[in-house]
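A short write-up of the structure that comes next.
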Amino acid sequence: MSGTVKTYGLQKGLPKKVDSICPECGKVIEAEYYDKDGKVYAKKTCPEHGEFDSLIWSDTAMYLKAEEYAVDGIGIEDPSDPAKDVTIKIGDRDVKLNTSTILANVDLTNRCNMTCPICFAEANSSGYVYEPDYETIVKMLEMLRSQKPTKCPAVQFSGGEPTIHPRFFDIIKKAKELGFSQIQVASNGLSFRDIEFCKKAVEAHLHTIYLSFDGVTDDVYIQARARKMFHVKKQVLENLRSLPKHPSVVLVPTVVKGMNDKQLGDIVKFAFENSDIVRGVNFQPVAFTGRITAEELERGRFTIPDLVKGFNEQTGWTRDEDWFGVPSVAAVSNFASQVMGKNKVTFTVHPHCGIATYLYKGDDGKVTPITRFIDVHKFMAGIEELTKKVEKKRFKFTKKLTAIKAIKIFENCIIESELPEGMTKDDLMKLLKSLFLDDSKETLAKFSWKMMFIGGMHFQDSYNYDIGRVSHCGIHYATPDMRVIPFCAYNSGPEYRKEIESKYSIPLDEWKAQHKKEAKDLEDALIVPEDQKPDQ
């Protein structure tokens with residue numbers, strides 16, 4: 001198979017066979033996905049390490065529903081040869097990337113001002129420092145913006161703790177200059193306790209802070225981060241709130257069964273209480289690294305349906321049918337490409353990577369999923385049909401006429417009797433007309449104060465690894481050798497992180513000798529302040 005490019009088309013239904021890997025040796029082996037007692041399992045056998053039978057999704061019906069809007073993507077052109085597609089090596093095969101880069105992760109450093117027990121990327125534990133210089137990072141960003149057929153629209157700076165990179169603000173400014181429409185940072189929040197740091201982030205045009213946020217009580221943080229952190233998170237929000245202009249915040253809880261899975265509803269309630277700053281919550285069920293017994297895996301696995309059902313039960317706001325897989329918006333992005341007259345990123349990610357919904361809080365305080373007052377299925381069908389007509393009659397449909405037709409489709413999908421308190425049909429129509437015809441961000445911002453995105457993204461590990469999922473990943477890491485690598489391949493499975501960081505890192509002791517001041521500052525930062533120490 002070596003040298004032959006493998007293209008993974010979408011497989012739907014059960015049972016089915018997929019290419020996976022052995023959790024012990026990493027060799028590519030076949031796995032059979034099947035239903036057992038209403039849950040989806042994957043059984044695979046390695047000739048050397050035996051059989052593995054792992055839980056994939058804890059609800060088969062939800063697993064199959066997620067496939068409803070799944071579509072194949074077109075991938076990324078190889079910049080050295082447009083006739084070829086970008087591929088990634090997994091085991092003994094070259095795998096085509098089916099999905100363009102929707103969001104790029106750029107690791108600025110693996111240094112961190114915390115040492116969290118559940119983290120997979122941190123210099124003190126690895127023994128080396130990975131920290132690309134400014135010039136290298138600029139080249140990585142330029143590579144992302146030169147991708148074809150669609151430029152990467154969004155970048156998230158990650159780590160380690162990216163805010164401690166010595167040229168953090170210069171990097172943000174450069175991303176703005178290069179035209180990224182979304183510039184994000186994944187942070188533990190410690191740097192943003194400094195109001196001057198917040199002001200500089202605003203000046204540099206940082207759009208969004210993906211704030212690590214594991215719960216609303218300190219016992220959770222003590223387990224996950226070995227220190228109290230809830231008051232730190234609140235201080236970050238207060239700092240941002242004090243500024244006339246500020247980045248928005250998405251709360252990112254790493255969900256671990258038995259640690260914070262009972263706080264799903266409380267986390268979102270906290271988000272609504274701070275909805276002038278917080279725009280969404282993106283739950284991330286923990287992925288397992290290293291060896292683990294079958295019993296430990298079964299006991300600890302927290303899947304996307306567990307997230308949905310836990311949230312439903314804890315809030316009473318949602319039902320299973322209110323949640324949709326990420327590819328459900330592919331029809332809208334396809335339509336946008338037609339209206340704008342140029343290629344836009346299409347959300348052709350694998351249907352089992354994530355799930356999401358939008359919640360609206362009415363004037364009476366009642367929270368309602370958007371799916372209750374908008375017929376999503378009817379809207380998707382209408383937009384898909386309109387897109388086909390536009391494709392066939394490209395020269396007869398002006399952008400404005402196409403937008404007007406889309407607005408009419410939306411109007412016919414509003415369930416007026418279910419609208420939340422304080423919302424009218426006119427409100428929704430004004431919003432849509434503004435977005436399609438005027439492109440008013442002010443209108444969207446006003447509306448989104450009461451609207452909250454709730455999502456769940458379950459990254460793979462070696463036990464639930466599906467190479468087809470990797471090929472349909474839309475979250476890619478950019479690397480110093482100008483490659484893009486899917487998130488799950490970078491952090492698990494063949495784990496490209498080790499390859500990249502070993503190639504572009506220096507030993508920790510050597511780095512400390514060369515950067516004495518930064519090393520001393522980091523050592524001081526790792527000293528847990530009194531107000532963050534666990535109670536004795």
**Report entry** Length released on extending from Lys433 to Glu142, taking residue separation times 0.36 nm less the Cα-Cα span
**Finding:** 101.4 nm
Query - Residue among Leu55, Pro153, Leu103 farthest towards the positive dipole end of segment 43-154, charges placed on Cβ - result: Pro153
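Below 8 Å, C-alpha to C-alpha, sequence gap of six or more: please give me the relative contact order for the chain in percent. Walk me through the intermediate numbers first.
Working: 1039 pairs, mean separation 99.4, N = 536.
Value for the chain: 19 percent.
Taking neighbour counts of Cβ atoms within 10 Å as a proxy for exposure, in what order, fewest first, do Lys151, Lys378 appear?
Working: Lys151 19, Lys378 14.
The order, fewest Cβ neighbours first, is Lys378, Lys151.
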Query raised in the report: Given the C-alpha centroids of segment 446-486 and segment 1-43, what is the distance between them in whole angstrom?
Result: 19
Query raised in the report: Relative to the present Cα-Cα distance, how much length would full extension add between Ile74 and Lys408 at 0.36 nm per residue of separation?
Result: 117.3 nm
Report task. Could you list which residues have their amide H under 5 Å from that of Lys16, counting only those 5 or more apart in sequence or on another chain, with H placed in the peptide plane? Result -> Tyr33
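Beyond 29 Å between alpha-carbons counts as too far, so tell me which of Lys174/Lys245; Lys6/Lys43; Lys245/Lys408 fall in that bin. Working shown, then result.
Working: Lys174/Lys245 20 Å; Lys6/Lys43 22 Å; Lys245/Lys408 35 Å.
Distance filter (> 29 Å) returns Lys245/Lys408.
Assign unit charges at the C-beta atoms only (+1 for Lys and Arg, -1 for Asp and Glu), then state the dipole size of the chain relative to its Cα centre in Debye, rounded to the nearest 20. Can you show the working numbers first?
Working: 74 positive and 77 negative charges, 406 e Å.
I would put it at about 1940 debye.
Between their Cα atoms, which of Lys39/Lys257; Lys176/Lys269; Lys378/Lys433; Lys378/Lys405; Lys96/Lys392 are more than 26 Å away from each other? Could the numbers behind the result be given before it?
Values: Lys39/Lys257 18 Å; Lys176/Lys269 32 Å; Lys378/Lys433 19 Å; Lys378/Lys405 14 Å; Lys96/Lys392 29 Å.
Long pairs (Cα-Cα over 26 Å): Lys176/Lys269; Lys96/Lys392.
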Requested in this report: Mind giving me the nanometre distance, one decimal, between the label points for Asp276 and Glu510, set 7 Å out from Cα along Cα→Cβ?
Outcome: 5.1
**Report entry** Straight-distance crosslink candidates among aspartates and glutamates, where the alpha carbon sits under 20 Å from Lys27 and sequence neighbours closer than 8 are dropped
**Finding:** Asp19, Glu48, Glu51, Asp53, Asp92, Asp94, Asp461, Asp466, Glu495, Glu499
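Could you tell me which of rounded, prolate or oblate describes the chain, using a ≥ b ≥ c as the square roots of the eigenvalues of the alpha-carbon gyration tensor, with rounded for a/c under 1.5 and, failing that, prolate when a/b is larger than b/c and oblate otherwise? Mind showing how you got there, number by number?
Working: a/c = 1.30, a/b = 1.14, b/c = 1.14.
Verdict is rounded for the chain.
Each reported figure results from applying straightforward, stated rules to the coordinates on display, with no laboratory input. These numbers were taken from a predicted model, which means no experiment stands behind them. Note that each Cβ is placed from the backbone with ideal geometry, even for glycine, and that neighbours are counted across all protein chains shown.
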